[in-house]
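Structure first, commentary second.
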Amino acid sequence: PPGGAPRVSPAQAARLRAWNSLDWALYAHLNRSFWRRAEAFGATRLQQEVARLRQHRHALARRCLRGGGPLPARSIADGRLRPFQPPGRAEILGYA
């Protein structure tokens, strides 16, 4: 379908589920353990820590990154820092 994921047959879906079963089990385990720890840590305290981390990240980006964040590859003067641009319409952003 245009703009969506390609359709797969039921047999392909079963093979994909089997192929990704270990990844899914690992994700489910880590997700459960994260939320247990987050609850023990406290929602308000977690929100405060996340806000503090975001402030530090923004301060470091302003200090260390030209433009303060990701840039289109063509605007990065140093070719060694420019990300590879695969053929097609997707543009990979980079950092300088």
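Here are some notes:
- Extreme residue, nearest to GLY68 (Cα to Cα), among residues of the range 4-38 that are within 23 Å of the chain's Cα centre (by Cα), open to solvent by less than 70 Å² (accessible area, probe 1.4 Å) and among the hydroxyl-bearing types (Ser, Thr, Tyr): SER33
- Subset of the range 63-94 that is part of a helix (DSSP H, G or I) and modelled with pLDDT of 90 or more - its residue that is least open to solvent (accessible area, probe 1.4 Å): ALA73
- For the range 27-58, a residue qualifies if it is aliphatic (A, V, I, L, M) and either in contact with an Asp or Glu (Cβ under 7 Å, 6 or more places away or on another chain) or more than 28 Å from ARG17 (Cα to Cα) (or both), and the qualifying residues are ALA38, ALA40, ALA43, LEU46, VAL50, ALA51, LEU53.
- Only residues that are open to solvent by less than 80 Å² (accessible area, probe 1.4 Å) and part of a helix (DSSP H, G or I) were counted across the range 39-62, and they come to 8.
- Qualifying residue in the range 2-11 (condition: in a helix (DSSP H, G or I) and free of Cβ contacts under 8 Å to residues at least 24 places away in the same chain): yes
- Applying a threshold of 6 Å to beta carbon distances and a minimum spacing of six or more residues, or different chains, the list of pairs starting in the range 46-74 at a residue that is more than 30 Å from PRO86 (Cβ to Cβ) and of a type outside the set (D, E, K, R) and ending at one that is open to solvent by less than 100 Å² (accessible area, probe 1.4 Å) and in a helix (DSSP H, G or I) reads LEU46/ALA38.
- The test for being of a type in the set (D, E, K, R) and free of Cβ contacts under 8 Å to residues at least 12 places away in the same chain does not hold for ARG82.
The values are calculated or read from the model by the stated rules, or taken from the named source; none is laboratory data. Bear in mind the structure is a predicted one, so any value in this text is a computation, not a measurement. A quick note on method: Cβ atoms are made from the backbone with ideal geometry, for glycine too, and the neighbour counts reach across all protein chains shown. Protein only, heavy atoms only, side chains kept; ligands, DNA and RNA dropped before computing areas. Shrake-Rupley method; radii C 1.70, N 1.55, O 1.52, S 1.80 Å.
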